[in-house]
Amino acid sequence: MNLPNKLTVARLLLTVLFVLLFYLPFANRVSCALLVFLLASFTDYLDGEIARRRNLVTDFGKLMDPLADKILMGAALVMLVAEPREPLRLPAWTVIVVLAREFFVTGIRMLALNKGAVVAAEKLGKHKTFWQMITVIYFMAARASAEPAGPGGGEPMMQWAAGAFEHYWFSPHVFGYFCLGMMVSLTLISGLSYFIKNRALFQHGEKG
């Protein structure tokens, strides 16, 4: 297994750790989960760069790299839906839209493979992924900054950032909803774009 594929597997393992951190009862668990998410996201960038520069693109990487990305992002969004406090909790319908789009595009890719075609990635999809990451990082950082002190009375790791999220323009009610709007809009637009560009896959073959 080459280095890019090892990084992909590492991202899957980091996703498991990321989810566990939300449930383990210790101080600064959300802050630690945020650090793990950032590290996992960096491996996504790193494995792609290494694979392209060293010509290490493999069938395993083509399958597992985007799948690992979707698992990581899906896990993060679902965890943020479970946040009990408003306005740090993501509306469930926004996550449903994101997950439905991912399943839909994956279905298009599978249909294309069955017909011997390849569906290339689009710039819109990359912009969608960017805003998904920004949204997750923003809401996780806001949640981490509001973490209570630990049993020993120590200060929360992200307490220094709490004041930034109280500023009107950077608050969850303003910047947070802007991120959500961008994420959902690009999710819908990119999904529609995939369908329009690949609508021929859904057409029946002509009868002889």
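Every number here is computed from the coordinates shown, using simple stated rules; none is lab data. Keep in mind it's a predicted model, so treat the numbers as computed, not measured. In this analysis, Cβ positions are derived from the backbone assuming ideal geometry, glycine residues included, and neighbour counts consider all displayed protein chains.
For L72, only one of the following conditions fails: (1) under 13 Å from the mean Cα position of the chain (by Cα); (2) surrounded by 15 or more Cβ atoms within 10 Å (Cβ to Cβ); (3) farther than 19 Å from R109 by Cβ. What is its number?
All conditions pass for L72, except number (3).
Within region 45-66, track down each residue that is surrounded by 14 or more Cβ atoms within 10 Å (Cβ to Cβ) and out of contact with any helix residue (DSSP H, G or I) (no Cβ under 8 Å at 6 or more places or on another chain).
P66
How about region 52-69: which of its residues are assigned to a helix (DSSP H, G or I) and over 23 Å from V105 (Cα atoms)?
R52, R53, listed by residue number.
Would you mind stating whether L72 is within 26 Å of V174 (Cβ to Cβ) and in contact with a helix residue (DSSP H, G or I) (Cβ under 7 Å, 6 or more places away or on another chain)?
Here the answer is no, as L72 does not meet what is asked.
Output the residues belonging to region 75-101 that are surrounded by fewer than 18 Cβ atoms within 10 Å (Cβ to Cβ), charged (D, E, K, R) and farther than 14 Å from L180 by Cβ.
Matches in region 75-101: R85 only.
Say we look at region 22-44 and pick out the residues that are aromatic (F, W, Y) and closer than 13 Å to L72 by Cβ; which of these is surrounded by the most Cβ atoms within 10 Å (Cβ to Cβ)?
Here is the first cut: in region 22-44, the ones aromatic (F, W, Y) are 22-23, 26, 37, 42.
From what's left, closer than 13 Å to L72 by Cβ: 37, 42.
On the way: F37: 24, F42: 13.
So, considering only residues that are aromatic (F, W, Y) and closer than 13 Å to L72 by Cβ, the one surrounded by the most Cβ atoms within 10 Å (Cβ to Cβ) is F37.
Let's see how each residue does on (1) free of Cβ contacts under 8 Å to residues at least 12 places away in the same chain; (2) among the charged types (D, E, K, R); (3) out of contact with any strand residue (DSSP E or B) (no Cβ under 9 Å at 6 or more places or on another chain):
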position: K62; (1), (2), (3): yes, yes, yes
position: P66; (1), (2), (3): yes, no, yes
position: A76; (1), (2), (3): no, no, yes
position: L88; (1), (2), (3): no, no, yes
position: E102; (1), (2), (3): no, yes, yes
